[in-house]
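Visitor: Quick one: this structure, given as C-alpha cells, is what I'll be asking you about.
The values are calculated or read from the model by the stated rules, or taken from the named source; none is laboratory data. No experiment lies behind these values; they were computed from the predicted model shown. Using ideal geometry, Cβ is built from the backbone for each residue, glycine included, and neighbour counts are taken over all protein chains shown. Heavy atoms of the whole protein, side chains included, go into the accessibility calculation; ligands, DNA and RNA do not. Shrake-Rupley method; radii C 1.70, N 1.55, O 1.52, S 1.80 Å.
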Amino acid sequence: QVQLVESGGGLVQAGDSLRLSCVASGRTFSTYAMGWFRQAPGKEREFVAAISGSGGLMYYKDSVSTRLTISRVNDKNTVYLQMTRLKPEDTAVYYCVADTSDRCSDVADEWVYWGQGTQVTVSS
C-alpha cells in the first residue's frame, strides 16, 4: 500500500506559476512510476504528466508540455509538478498517482494508487 499526500494547490491569477508536491510512503520510492492527473468540474479525469522511477523518462499531455514540468527527488520520496503561465482552463483538482511496477501510462485506470487531490484555481 502506497500513501500519497499532495500539497501546493491554491488560488492564483492567470499567468502565475505554482508548484505541486506529492509525498509518497514506502521504502522503494525510486522504483515507482509517478504521475499527475487532473479533473475539472463536469469533465473526466485527464492525464497531465508522468515520470519513471529513475526520473529518466517523462511524459506529458501535449497541450501542457511547454508549461508544465514533472520532476522527482527520490531521497525525499517526493514528486513535483511545476506549472507556469497558468490559464483558467488549468483549474481542476490535481491528483498524484503511483505505480509500483514503474509503468507510466496516460490511462487513469492503469494507476493503482491515488492521492486525495489538491485544488488549483486560476482566475482570469
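Visitor: How are the C-alpha pair distances of the chain spread across 10 Å bins, as whole percents from the shortest bin up?
Guide: In order of increasing distance, the bins hold 15, 51, 29, 5, 0 percent.
Visitor: Of the listed peptides 84-96, 28-40, 108-120, what is their order by residue-averaged count of other C-beta atoms within 10 Å, with the highest listed first?
Guide: In decreasing order of mean packing, 84-96, 28-40, 108-120 become 28-40, 84-96, 108-120.
Visitor: Another question, then. Can you pull out the cysteines in the chain that have no other Cys Cβ under 4.7 Å?
Guide: CYS104
Visitor: Jot down the radius of gyration and Dmax of the range 54-104, Cα atoms only, both in angstrom.
Guide: Final numbers for Rg and Dmax: 12.2, 34 Å.
Visitor: Quickly work out the VAL23-to-ASN74 label distance, labels modelled 7 Å from Cα along the C-beta direction, and quote it in nm with one decimal.
Guide: 2.1 nm
Visitor: Mind checking the full-extension length gain between GLN1 and ARG67? Use 0.36 nm per residue of separation minus the Cα-Cα distance, one decimal, nm. Don't jump to the answer; show the numbers that get you there.
Guide: Numbers: separation 66, 0.36 × 66 = 23.76 nm, distance 3.19 nm.
Stretched out fully, the GLN1 to ARG67 stretch lengthens by 20.6 nm.
Visitor: While we're looking at this one, here's another question. Enter the accessible area per residue of the chain (Å², integer; probe 1.4 Å; all protein chains in place).
Guide: Solvent-accessible surface per residue comes out at 51 Å².
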